[in-house]
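Input: a single structure, listed below in structure tokens.
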Amino acid sequence: MAACQGGPLRGAGGKEKLCAGQTHCTTAHISYPTDERLHSLVKTFGRDHAEAVWDACKSAADHIRRTVCQEEIDCELTHVPAYLYAASDAEKDEADSLREDARLATETGFDARFIPQCPITQQPAVHFSNLMKFHPTKYVRGLAQAAQKLGAQIHEDSEVWEFDAEKRTVRCGRHHISYQQVFIATHVPLQGAASMLSSTLLQTKLAGYTTYAVEAELAEEIVPEALWWDTADPYFYFRIDKVDGRARIIAGGEDHKTGQEEDTDGKYAALEQRVQKLFPSARFLRRWSGQVIETVDGLPYIGEYAGQFVATGFSGTGMTFGTLSGIMFAEHAQGIASPWKDLFRIERKELSSTWSYLKENKDYPYYLTKSLFMGNNRQPEELAPGEGAILRLHGKKVAASKDKDGKLTLLSAICPHMGCVVGWNHADQTWDCPCHGSTFTAQGKVVNGPAEAPLEPVDPNKQATEHVWPAPALGM
Ligand code: FES
């Protein structure tokens with residue numbers, strides 16, 4: 001992940017900078033409509049709860065707007081119209097479900113209306129007149145500077161190695177730091193030696209999905225800047241920005257469960273094709289991927305769990321739910337009861353979510369068993385530049401890859417989280433774990449957890465015994 005743009009903060013000098021997680025990958029729609037459609041939220045949680053979810057998101061969006069004004073943060077914050085539109089291959093009655101969403105939104109006090117045709121895609125849509133977009137890393141940099149003015153200390157290059165909930169300490173390199181409150185804002189929760197069981201249980205409620213994004217310059221005279229996303233699953237989304245008087249599009253989608261797609265290059269190609277269909281003049285400038293964390297019932301988990309304040313599972317609404325988590329942690333630390341505490345509680349249980357719960361977790365035993373048979377007998381030298389593969393060397397599964405200059409890297413293929421075998425992501429040149437979505441650089445460094453340790457380097461000349469992990473006892 002790229003570092004936050006702008007001046008260095010305390011501890012600068014290494015690669016672990018502010019925004020070095022997923023924040024710089026976001027396409028930064030600031031939105032109170034959630035990924036889970038309103039009619040579906042109403043069906044699952046009831047009308048009051050559904051309304052409370054949108055209220056919470058609206059409060060977070062308002063908080064961003066207020067903070068930007070108060071702190072005069074130059075982050076291109078813009079109020080824009082937005083369109084949730086029927087996917088081109090949607091069922092005929094999609095217009096009715098959009099009409100229903102618009103009706104529910106209006107009745108619960110949100111500014112939305114059904115329109116038979118939205119700009120650009122010409123599809124039936126729900127029109128929201130006042131959502132927002134911004135430049136996410138410029139915003140976080142401004143936020144950090146404002147916090148520092150108030151006395152906050154921000155330490156970069158300070159990775160936490162160990163977390164002890166009982167002693168209330170974290171280990172950071174050679175240092176042990178005591179704390180009163182700890183807020184785990186690490187995309188997926190840290191494991192921590194003292195709460196291995198708890199965090200493993202929490203992990204079974206989460207699933208990591210890789211999402212792709214492309215940016216292109218457009219020659220077309222595009223009307224107003226706005227946000228669009230469709231009703232497909234996974235959905236296609238885009239925003240139009242004006243940069244120096246020219247229109248640019250940032251589009252995303254083609255999500256899949258991390259580590260479970262072989263043709264990752266094809267995902268970018270599919271995305272570019274969709275953009276080109278809408279805007280034949282599109283001249284592509286950049287492409288990148290990120291990861292979103294999905295939960296069993298579509299709502300994030302925000303709250304105290306096993307001695308940590310955890311915030312995760314933001315789905316595609318990361319900027320909004322991330323801000324909401326900050327608000328809720330501040331309330332928690334001050335002993336203030338948050339109106340949304342029960343709504344996003346980690347231990348909430350919905351009977352109707354049993355099916356998804358099983359669906360997400362059945363992948364883990366499946367991939368773990370499949371792992372036993374993986375690996376082929378090619379020699380590492382046979383790999384082409386840019387290629388990666390699981391090979392068997394001295395009876396051990398090795399993640400072998402060659403960079404574009406032909407330099408070979410050999411790593412253990414066993415994910416240090418819970419023992420699945422990683423797979424090569426050609427488009428991003430990363431190793432991705434199909435079980436819970438950890439990703440690693442080609443050199444083995446953790447990009448996204450839940451894994452907290454790197455893939456170990458392998459000496460090709462050494463015989464080694466492979467660690468065998470116990471089969472997981474998932475009684476769900
Ligand atoms: S992410 Fe859990 S085993 Fe790899």
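Below, the figures for the structure above:
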item: Set LYS277/LYS407; LYS43/LYS205; LYS205/LYS402; LYS205/LYS277; LYS267/LYS445 screened for pairs whose C-alpha atoms are more than 31 Å apart; result: LYS277/LYS407; LYS205/LYS402; LYS205/LYS277
item: Convex hull (Cα only) mean projected area of the stretch 257-340, reported in nm² to one decimal; result: 8.5 nm²
item: Ordering of 299-305, 152-158 by burial proxy (mean other Cβ atoms within 10 Å per residue, highest first); result: 299-305, 152-158
item: Listed peptides 433-439, 78-84 by packing density, highest first (mean Cβ within 10 Å); result: 433-439, 78-84
item: For LYS149, net neighbour charge (Lys/Arg +1, Asp/Glu -1) across residues whose Cβ lies under 12 Å away; result: -2
item: Spin-label model distance (nm) - GLN153 vs ASP93, 7 Å beyond Cα toward Cβ; result: 6.1 nm
item: Extension gain (nm, one decimal) between GLN181 and GLU162, 0.36 nm per residue minus Cα-Cα; result: 5.3 nm
item: Length-normalised contact order for the stretch 196-314 - Cα pairs under 8 Å, 6+ apart - percent; result: 33 percent
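Only the coordinates and a few stated rules stand behind these numbers; no lab work does. Fair warning: this is a prediction, and the values are worked out from it, not measured in the lab. Glycine gets a Cβ as well: all are built from the backbone with ideal geometry, and neighbour counts include every protein chain shown.
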